[in-house]
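Contents: one structure, followed by commentary.
The values are calculated or read from the model by the stated rules, or taken from the named source; none is laboratory data. Everything quoted here is computed from the prediction, not taken from an experiment. With ideal geometry, Cβ positions are generated from the backbone for all residues, glycine too; neighbour counts draw on all protein chains shown.
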Amino acid sequence: MKLEGIHHITAITAEAQRNVDFYAGVLGLRLVKKSVNQDQTSVYHLFYADETGDPGSDITFFEYPGIPRGRAGAGMVHRIVWRVSGSDALDFWAGRLGDAGHEAVRADQTLRFWDFEGLEHELVVSDASDEPLIANHPEIPGELALQGFEAVRAYTVDARRSRTLLGSTLGFEPRAEGSYEVRGRERGGLFIYDPAPEDRPRQGAGTVHHVAWAAPPDEHAAWQERLATSGAHPTPVIDRHYFRSIYFREPSGVLFEIASIGPGFTVDEPLDRLGEKLSLTPQFEHLRDRIEPTLTPLRNPRDSWVRR
């Protein structure tokens, strides 16, 4: 069995509307699902991805209104790394982010920037042969758009203690020091450790909650069994309606998920209408009249230019 790179990355925001404005408006991702946290239905769960909502491009956010900003530290992902096509794309994004008031730092073939809550991102010129995962946006040429995830970078106090789980259990291959790659039949991605800062970590707005790795649906139960046998203490397989999930912490403390590829976001909305309405999974649909009034209505920048 081989994992198919990064499935999705989930982070935390305190302001859903500003989050939509940044990720759909500035970064040009498509809001493919507007739902609620299945473990706390008073909380938005927003999903952004490429035009068809594919794993490998999906960044999601839980909204906890008013939550203080967090601080990444040991056992947390601190940077999300995206693929772009080349130097022209880095130039384009440096200009676009600057025009939107977001600092961007260029270094050779990379560009680092932060969202409005301090969540760090990096664009890298990638030589991966994976299919580019691109969303449509009238201000962003397709050849310059974000192309999906390349990596996540996480803080650790001792990367060595995670070698066995990453290598023997999950099938990651060591690359440069502190760097591991996992590659399946279709896609791959990197997990990279950096030395942890001394500051104590704090989960909050602008921090990553977990990173999910993609698995073919017919292998999902076998992954749960393999993790349990290895002593990783995984959860049972949880049905999230759009995919199935297994959660566990790797030895450095980062919360991992293995998420199945499919059934996907079109199980309850047609492709051309993804993200337009509040989607509630079957176990919560009967509570719509109670849940929906507690959530702040959101404006989607896409609505101003998509033809119906």
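Would you point out which residue out of V43, V81, V32 is part of a strand (DSSP E or B) and at pLDDT below 95?
Numbers: V81 fails: at pLDDT below 95; V32 fails: at pLDDT below 95.
That would be V43, the only listed residue that is part of a strand (DSSP E or B) and at pLDDT below 95.
Go over the candidates I134, I140, I192, I238 one by one and state the one that is modelled with pLDDT of 95 or more, within 19 Å of the chain's Cα centre (by Cα), farther than 17 Å from V254 by Cα and among the β-branched types (V, I, T). Give the steps one after another, and end with the answer.
On the way: I140 fails: within 19 Å of the chain's Cα centre (by Cα); I192 fails: farther than 17 Å from V254 by Cα; I238 fails: modelled with pLDDT of 95 or more.
Residue meeting the stated conditions: I134.
Since W93 meets every condition but one in (1) touching a residue at least 40 places away in the same chain (Cβ under 8 Å); (2) touching a Gly at 6+ places or on another chain (Cβ under 9 Å); (3) farther than 23 Å from Y44 by Cβ, which condition does it not meet?
Just one mismatch for W93, condition (2).
Within the range 57-74, does at least one residue satisfy the condition of being surrounded by 23 or more Cβ atoms within 10 Å (Cβ to Cβ) and among the acidic types (D, E)?
Taking the range 57-74 and keeping what is surrounded by 23 or more Cβ atoms within 10 Å (Cβ to Cβ), we get 57-59, 61, 63, 72.
Next, only the ones that are among the acidic types (D, E) stay: 58, 63.
Scanning the range 57-74 turns up at least one residue that is surrounded by 23 or more Cβ atoms within 10 Å (Cβ to Cβ) and among the acidic types (D, E).
Of all residues in the range 172-197, count the ones that are touching a residue at least 24 places away in the same chain (Cβ under 8 Å) and of a type in the set (D, E).
Here the count works out to 2.
Just to be sure I understand, how many residues within the range 200-226 are hydrophobic (A, V, I, L, M, F, W, C), within 19 Å of T164 (Cα to Cα) and over 22 Å from the mean Cα position of the chain (by Cα)?
1
Within the group L46, L31, which residue is crowded, with 22+ Cβ neighbours inside 10 Å, under 22 Å from V306 (Cα atoms), over 12 Å from the mean Cα position of the chain (by Cα) and of a type in the set (A, V, I, L, M, F, W, C)?
Numbers: L46 fails: over 12 Å from the mean Cα position of the chain (by Cα).
Criteria check complete, one pass: L31.
Could you please give the count of residues in the range 192-230 that are over 30 Å from R69 (Cα atoms) and of a type in the set (S, T, Y)?
Here the count works out to 2.
Yes or no: T52 under 29 Å from R290 (Cα atoms) and surrounded by fewer than 24 Cβ atoms within 10 Å (Cβ to Cβ)? Before you say what the answer is, go through the steps one by one.
Numbers: under 29 Å from R290 (Cα atoms): no; surrounded by fewer than 24 Cβ atoms within 10 Å (Cβ to Cβ): yes.
No, not satisfied.
Which of the residues that make up the range 289-308 are farther than 23 Å from A14 by Cβ, part of a loop (DSSP other than H, G, I, E, B) and free of Cβ contacts under 8 Å to residues at least 60 places away in the same chain?
V306, R307, R308
Out of all the residues in the range 45-79, which are within 30 Å of G178 (Cα to Cα), in contact with a helix residue (DSSP H, G or I) (Cβ under 9 Å, 6 or more places away or on another chain) and of a type in the set (V, I, T)?
Matches in the range 45-79: I59 only.
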